[in-house]
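Just below is one structure, and these are the notes that go with it.
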Amino acid sequence: MYDPMLFRDRPRSAQIVIGGVVPAIAGAVAGILVGASTGAYWAYAAIVAVATVIGGFEHQDGWGGADRGLVGGAIYGTALLIAHAVAGTHAKVSLGSFPPFLAVVTAIIGMFLAAAGGRIARLQRERHAAAAE
């Protein structure tokens with residue numbers, strides 16, 4: 001059974017890196033890919049989505065995962081927009097009619113993905129505890 005250290009039990013510095021720096025870097029890479037290749041962007045987005053669900057495993061339940069996913073998704077979306085603006089390329093993927101709204105959308109998607117991971121982890125822990133009894 002996969003039993004990661006809970007996010008709340010990590011040192012503050014690790015929480016900042018995992019919860020803030022990693023989503024910012026991931027968003028910056030996505031921001032560059034938006035102007036480079038549609039296929040590469042969507043493949044990378046799928047990998048980030050899976051990683052977000054797995055990141056939710058570091059929480060006791062879906063609610064804790066949702067909080068982290070909301071913040072991480074907002075950071076990801078903001079970094080994506082900033083990196084894309086700095087790169088100065090034409091977006092090959094639609095950023096919507098009001099691109100700043102993308103940060104809200106990625107925050108909501110991140111919230112749901114991390115909440116799913118937190119919920120899956122809780123179910124695994126409950127099944128493991130029941131099997132141990």
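The values are calculated or read from the model by the stated rules, or taken from the named source; none is laboratory data. No experiment lies behind these values; they were computed from the predicted model shown. All Cβ positions, even for glycine, are placed from backbone atoms using ideal geometry, and neighbour counts span all protein chains on display.
Within region 28-78, being farther than 23 Å from residue 117 by Cα, out of contact with any Leu (no Cβ under 9 Å at 6 or more places or on another chain) and of a type in the set (Gly, Ala, Ser) holds for 35, 36, 37, 39. For the residues 88, 110, 96, 77, the requirement of being under 19 Å from residue 7 (Cβ atoms) and either small (Gly, Ala, Ser) or at pLDDT below 95 (or both) singles out 110. Only one of the listed residues (91, 85, 49) is within 24 Å of residue 122 (Cβ to Cβ), surrounded by fewer than 20 Cβ atoms within 10 Å (Cβ to Cβ) and of a type in the set (A, V, I, L, M). That residue is 49.
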